[in-house]
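Step one of this worksheet: look at the structure below.
The values are calculated or read from the model by the stated rules, or taken from the named source; none is laboratory data. Note that the coordinates shown come from a computational prediction; the quantities given were computed from them, not determined experimentally. Backbone-built Cβ (ideal geometry, glycine too); neighbour counts: all protein chains shown. Just so you know, the surface numbers come from the protein's heavy atoms only, side chains and all, with ligands and any DNA or RNA stripped out. Shrake-Rupley method; radii C 1.70, N 1.55, O 1.52, S 1.80 Å.
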Amino acid sequence: METQQSEVLLSIRDLHFKFTLRGQVLHAIRGISLDVMRGESLAIVGESGSGKSVLVKTLMGLNDQNGFIESGQILYGGRDLATLHTDAEWQSIRGREIAMVLQDPMTSLNPLKTIGWQIREAVELHQNLHGEAARKAACEMLAEVGISDPERRYKQYPHEFSGGMRQRVVIAIAMACRPKILICDEPTTALDVTIQAQILGLIKEMQKKYDLTTIYITHDLGVVANVADRIAVMYAGDIVEIGRCEEVFYDPRHPYTWALLSSLPQLGVKGQPLYAIQGTPPNLFHEVKGDAFAPRNPQALKIDFVKRPPMLAVSPTHSARTWLLDPRAPKVEPPEHIRALRERGRALRQQGEVTSHG
Amino acid sequence: MADPREKMLEVDHIRVQFGKKRHPFVAVRDVSFDIYKGETFGLVGESGSGKTTIGRAIIRANPLAAGEIRFEGQRISGRLSAARDRQVTRDIQMIFQDPMSSLNERAKVGYIVAEGLYAPGRHCSEEERRQKVAKALSDVGLLPEFASRFPHEFSGGQRQRIGIARALILEPKLIVADEPISALDVSIRAQVLNLLAALQKERGLTYLFIAHDLSVVRFICDRIAVIHKGDIVELAESEQLFAHPLHPYTQALLSAIPQPDPIAERQKKLLVYDPSCHDYRVDKPVWTEVEPGHFVLGNQRELEGYRKMLTR
């Protein structure tokens, strides 16, 4: 939002990532370019299978053995992460520079070790503390993520914690590594709404305190609206739209973003059928021709089936991969819901201006 | 209250507990509600609140420790005659949460959908069965040819449709849908929600819709019950509940709904529910109707406050 976030921390350049599976090749990431700015929180939105998890796992070298980077660069701190291969090389990045909070806290903690042991492991590895000092640092970390009575909790096992508390512990472990980038892979999907809001609050707090850059992966647009400065919408292994949070919500340009926003039950009228995207995402085992969303888009242009659209800019911060933004394109009106959203955005912006000036 | 609507299901002070008799874990304490014919009744609560347990008690997968469930005026909990048991199984069907784990991986779709028809006393010929399967599949928007395939060949949304077809083939009157869309993607959710709504219109089905996502529940349900730690704390018509939430837990829950709207989302104020705000030592809470159709759990002092909130 502020202009100070102009420094690029991590830069992905035309990345292609593939998996080989039973002799077939799955093109999971199809030419993504993305800059992550220092201190921002970026949300990557997409359905399952859109490649959002593969993308962030590539940043940490955590993809399965049958996956490989075909071409492209990941520039971080003067290094190209795409050239790293062995675990030993990756160890200087994992945790220390980029840490990750996974979706399900039930499975990301070791059930056989105490909570204290697991946080302490990270503290010893990354903060170079040992013995009593490490124990103390771990307890402090527990208190920091909002767990009361850390001395007692330190000796307990994961099963003695509730889902929300476990997610707090996972965040504590990630933060004990003192990373620069924190990746949150669906951090709240396994949690209830009330707890979800608390966890998002905690992550934001950590971001402020440690000057973190956060990357959220989620399919919940409510969460995105809450946390994101910028949003990247992914579909079929490609970023189809990227822009500041308000731009994507109130002035979306790509038909897929339109469809995604229109199908939210929050915007539906009771008793009437909800807008539904027909069909299913394309099979990435086959080469995708043109705009990947075209077969599901009733208003698709002819060129959408033939040629892949370039990333076209709407504003300096907002661009979308659709031919609709080309000056030669015919005028296609967005669906009704989107026009309503636009109006709403405009109204809110004016209101905001009035209050900020007054 | 004289009600023109016909009660389909009456849940009368049920209690469900697990574990040993001496140290029982009470999952559902004392829950009562009615579901009317043709409506969609929502049951909302966090995980561990007992909402699934109630659903399972209704399909008689969990035995009751106390209370009674009546379906179309007749008792269905406890011991039933074999014929009655079969009839009730046919009338009440369930759709499960996770379509990835609720389908038999080693059976073909045709068998999965037809399984209910194989039960004794419901004999039909192979040809009849095949026709029924084909009809059930096409009703949920799948091709009849899919009957010869295995579940792993389908996407999440399609698998959930198979789950729905399996429930429909017995022509039930009441469907218990336990978080039918929470495991699906946003773009597929709308398809399944529309399908459920269309089937309801077509066949006059009644749904018990169990969910934790309030925005979905608001969209699809006529009435909503909010459950917290085994107690229903509030029950009202959906819009009434969203306009005037009374119980502090309901208020906290509503305040936490994520809005797909960045400005509203950032201005939203979170309410936190603290169970110790109730003083139930002397004054016990009672389940009371504070206005027509709007029930809330509270003691006398709280109820007075709730009534005041409504008149304002």
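For the reader, a short list of remarks on this structure follows.
- Choice from A:204, A:155, A:57 with maximal GNM fluctuation in chain A (Cα, 10 Å cutoff): A:155
- In the range A:283-358, the GluC sites (Glu not before Pro) that fall in loop regions by DSSP, at most 11 other Cβ within 10 Å: A:287
- Look at the stretch A:256-268: the mean tally of other chain Cβ atoms within 10 Å of its residues' Cβ atoms is 5.
- Surface exposure of the range A:8-228, expressed per residue as accessible area with a 1.4 Å probe, stands at 41 Å².
- Chain A packed on chain B takes about 3300 Å² of accessible surface away from a 1.4 Å probe, both sides summed.
- A Cβ-based charge dipole, computed about the Cα centre of the protein assembly as shown with Lys and Arg at +1 and Asp and Glu at -1, lands at about 940 debye.
- Fluctuation leader among A:49, A:345, A:78 - chain A, Gaussian network, Cα springs under 10 angstrom: A:78
- For the range B:147-191 and the range A:1-79, distance of Cα centres in Å: 33 Å
- Neighbouring partner chain Cβ atoms per residue of A:192-202, average, 10 Å criterion: 5
- Per residue of the protein assembly as shown, the DSSP helices (runs of n ≥ 4 H) give a summed -39500 (n - 2.57) that works out to -10000 deg cm²/dmol at 222 nm.
- Percent accessible area from carbon and sulfur atoms, chain B, protein chains only, probe 1.4 Å: 51 percent
- q = 0.13, 0.24 Å⁻¹: log10 I(q)/I(0) that the Debye formula gives for the range B:93-155, counting C-alpha atoms only: -0.35, -1.15
- Rule-of-thumb Rg ratio for the range A:8-228 [Cα; 2.2 N^0.38 Å; N residues]: 1.03
- Straight Cα distances below 17 angstrom link residue A:57 to the lysines A:18, A:180, with same-chain residues fewer than 8 positions distant left out.
- Across the range A:276-293, computed HN-Hα scalar couplings (Karplus, 6.51 cos²θ - 1.76 cosθ + 1.60, θ = phi - 60°) run 10, 7, 7, x, 10, x, x, 7, 7, 6, 9, 5, 8, 9, x, 7, 4, 8 Hz from first to last residue, x flagging Gly and Pro.
- Computed with a 1.4 Å probe over protein heavy atoms only, the accessible area of residue B:98 comes to about 60 Å².
- Max mean-square fluctuation residue, GNM over chain B, Cα-Cα springs under 10 Å, options B:17, B:93, B:259: B:259
- Surface calculation, 1.4 Å probe, protein heavy atoms: residue A:92 sits at approximately 40 Å² accessible.
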